[in-house]
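A quick write-up on the structure given underneath.
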Amino acid sequence: MQTDLCIFDSHTHYTDAAFDPDRDALLRSFPEKGVTGCMVCGTDLATSADCVSLAAQYPELLIAAVGVHPECPAPPEGYLQELERLAAMDAVHAIGEIGLDYHYEGYDKEQQARILREQLVLAKRLDLPVILHCRDATGDMLAILREFAPLSGVMHCFPGSAETAKEVLSMGLYIGFTGVITFKNARKPLEALRSIPADRLLIETDCPYMAPVPYRGKRCDSTMLTETAAVMARKKGMTTAEICRITAENAARLFRAEHLLK
Ligand SMILES: [Zn+2]
């Protein structure tokens, strides 16, 4: 592993139980492996609170996002006040992850749209960027985002086309890519990647999920981002170190986390 790299993982879930056996040892090993910053994302009220505590323990490495994910059960009444209370903590630099997900049967479109809109309103009022999750819901997602544009934030794990990327960028958002771009069937996101200016790109693991090739099926962590960065670098005609550097600078700018750049 090169140590002159500057890797900022813009989307992680280090509060996940998959990291219980060795979380501290793993996080402490990051600086020497070139990982200088990670965003830890909440998915409901409990994980959001966990993200805030974890990020507060590692102020030199982690920042947190608080929010309710569309796949989680509908949050209790009063959840917005709880998110706002958490968002006031120093460690919190974004609202997320929030969005729409129509992948599995049984979803409730209206409920997901309401919860997304409520959190977008909160993010605007608190002047925090948003971390957006969208699966199988591009049309509805773009329609809701148009109501709120211009927006500060990122469309994470971008699965879309170059055309969708263009509209997402025009609303002021950054676009994040996971290890999915290292998979064999990644033609569409790779095409979109080509059209996205380097200063609007982020890289992310979404760990513990989505380990890039050649680690597929293993527990993912931020050190594996070099594989994703290498694929991105080839597409953009840059070196892996350059892609790591520019995406780290982008993340630090978007999340107001310049203190995590080395
Ligand atoms: Zn995620």
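The values are calculated or read from the model by the stated rules, or taken from the named source; none is laboratory data. Since the model is a prediction, treat every value here as computed from it, not as a measurement. Methodologically, a virtual Cβ is constructed for each residue, glycine included, from the backbone with ideal geometry; neighbour enumeration extends over all protein chains shown.
Looking at the stretch 127-148, which of its residues are surrounded by 14 or more Cβ atoms within 10 Å (Cβ to Cβ) and away from the ligand (no atom under 16 Å from the Cβ)? L128, T138, D140, L142, I144, L145, F148, listed by residue number. Being within 19 Å of the chain's Cα centre (by Cα) and among the polar types (S, T, N, Q): is that true of S29 here? In short, no. Of all residue pairs spaced 6 or more apart or on separate chains, those with beta-carbon atoms under 7 Å, a first member in the stretch 6-30 that is in a helix (DSSP H, G or I) and a second member that is away from the ligand (no atom under 16 Å from the Cβ) are F19/L26; L27/Y58; L27/L61. Against the conditions (1) modelled with pLDDT of 95 or more; (2) surrounded by 14 or more Cβ atoms within 10 Å (Cβ to Cβ), C72 satisfies every one except (1).
Just to be sure before I move on: is T239 without any contact (Cβ under 8 Å) to a residue 60 or more places away in the chain, out of contact with any strand residue (DSSP E or B) (no Cβ under 7 Å at 6 or more places or on another chain) and of a type in the set (S, T, Y) in the structure I sent? So T239 passes the test. Beta carbons closer than 8 Å, at least 6 apart along the sequence or on distinct chains, pair a first residue in the stretch 168-192 that is on the phi > 0 side of the Ramachandran plot and of a type outside the set (S, T, N, Q) with a second that is assigned to a loop (DSSP other than H, G, I, E, B) and surrounded by fewer than 23 Cβ atoms within 10 Å (Cβ to Cβ) for G172/A149; G172/P150; G172/L151; G172/S152. Among the conditions (1) away from the ligand (no atom under 16 Å from the Cβ); (2) closer than 23 Å to M232 by Cα; (3) in contact with a strand residue (DSSP E or B) (Cβ under 7 Å, 6 or more places away or on another chain); (4) not hydroxyl-bearing (S, T, Y), G153 misses just one, which is (1). For the stretch 126-150, enumerate the residues that are aliphatic (A, V, I, L, M) and either in a helix (DSSP H, G or I) or free of Cβ contacts under 8 Å to residues at least 24 places away in the same chain (or both). Residues satisfying the conditions are L126, M141, L142, A143, I144, L145, A149.
Within the stretch 190-210, work out how many residues are buried (at least 20 other Cβ atoms within 10 Å of the Cβ) and either away from the ligand (no atom under 16 Å from the Cβ) or at pLDDT 95 or above (or both).
If we filter the stretch 190-210 for residues that are buried (at least 20 other Cβ atoms within 10 Å of the Cβ), which is where we start, we get 192-193, 196, 201-207, 210.
Within this subset, residues satisfying the condition of being either away from the ligand (no atom under 16 Å from the Cβ) or at pLDDT 95 or above (or both) are 192-193, 196, 201-207.
The number of residues fulfilling the criteria is 10.
Which residue out of A25, A49 is within 13 Å of I95 (Cα to Cα) and away from the ligand (no atom under 16 Å from the Cβ)?
From the options A25, A49, the qualifying one is A49.
Residues of the stretch 156-180 that are away from the ligand (no atom under 16 Å from the Cβ), farther than 16 Å from I98 by Cα and either of a type outside the set (D, E, K, R) or surrounded by 19 or more Cβ atoms within 10 Å (Cβ to Cβ) (or both): G160, S161, A162, T164, A165, L169, S170, M171, G172.
Taking the stated definitions as given, is L86 part of a helix (DSSP H, G or I), aliphatic (A, V, I, L, M), more than 15 Å from the ligand (Cβ to nearest atom) and crowded, with 16+ Cβ neighbours inside 10 Å?
So L86 passes the test.
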